[in-house]
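Worksheet: one structure, shown below.
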Amino acid sequence: MTTQPTAPAAGTPTRGYTATKDQLLTRIRRIEGQVRGIERMVEDDRYCIDVLTQISAIQAALDKVGLGLLDGHARHCMQHGAEQGRADEMATEMMAAVGRLMKRG
């Protein structure tokens with residue numbers, strides 16, 4: 001099923017993900033369903049490795065969402081910030097976000 005992107009409401013800022021917002025929401029909802037699936041697996045006393053495999057799949061899906069958001073931020077938000085003379089500030093902010101995404105227990 002292909003959905004057409006919805007236009008932002010009047011007065012709503014345009015973000016790096018605005019053009020693909022519907023796809024992003026679909027992915028997030030799919031991830032939410034996967035998390036609920038893990039909950040059911042635990043309730044049903046499923047094998048530990050099976051649960052861990054699903055956790056790994058969710059982490060990979062979240063990484064893909066995060067990378068997509070970073071890409072949109074770099075291509076849209078940082079460009080807009082550079083036009084306003086905020087390139088250094090935007091770069092620092094993005095690198096902090098990358099650092100947070102890369103941290104894993």
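Quick notes on this structure:
- Taking every residue in region 11-38 that is touching a residue at least 60 places away in the same chain (Cβ under 8 Å) and pairing it with any residue that is in a loop (DSSP other than H, G, I, E, B), at least 6 positions away or on another chain, the pairs with Cβ-Cβ distances below 7 Å are T14/P8.
- Hits in region 21-43 - residues which are of a type outside the set (V, I, T), farther than 25 Å from K103 by Cβ and surrounded by 12 or more Cβ atoms within 10 Å (Cβ to Cβ): K21, D22, Q23, L25, G37, M41
Residues checked against (1) surrounded by 12 or more Cβ atoms within 10 Å (Cβ to Cβ); (2) in contact with a Pro (Cβ under 9 Å, 6 or more places away or on another chain); (3) part of a loop (DSSP other than H, G, I, E, B); (4) not aromatic (F, W, Y):
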| site | (1), (2), (3), (4) |
| --- | --- |
| A19 | yes, yes, no, yes |
| D45 | no, no, yes, yes |
| A61 | yes, no, no, yes |
| H80 | yes, no, no, yes |
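Per-residue answers, yes or no, for (1) modelled with pLDDT of 90 or more; (2) of a type in the set (K, R):
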residue	(1), (2)
R30	yes, yes
V35	yes, no
S56	yes, no
D63	yes, no
C77	no, no
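- Test: T20 is hydroxyl-bearing (S, T, Y), out of contact with any His (no Cβ under 9 Å at 6 or more places or on another chain) and at pLDDT 90 or above: no
- Neighbours by Cβ (under 6 Å, 6+ apart or cross-chain): first from region 77-105, closer than 20 Å to G66 by Cβ; second among the small types (G, A, S) and modelled with pLDDT of 90 or more: L101/G66
- Every condition in (1) part of a helix (DSSP H, G or I); (2) surrounded by 13 or more Cβ atoms within 10 Å (Cβ to Cβ); (3) not aliphatic (A, V, I, L, M) holds for D88 except the one numbered (2).
The values are calculated or read from the model by the stated rules, or taken from the named source; none is laboratory data. The structure presented is a predicted model; accordingly, all values stated were derived computationally and were not measured. So basically every Cβ, Gly included, is an ideal-geometry build from the backbone, and we count neighbours across all protein chains shown.
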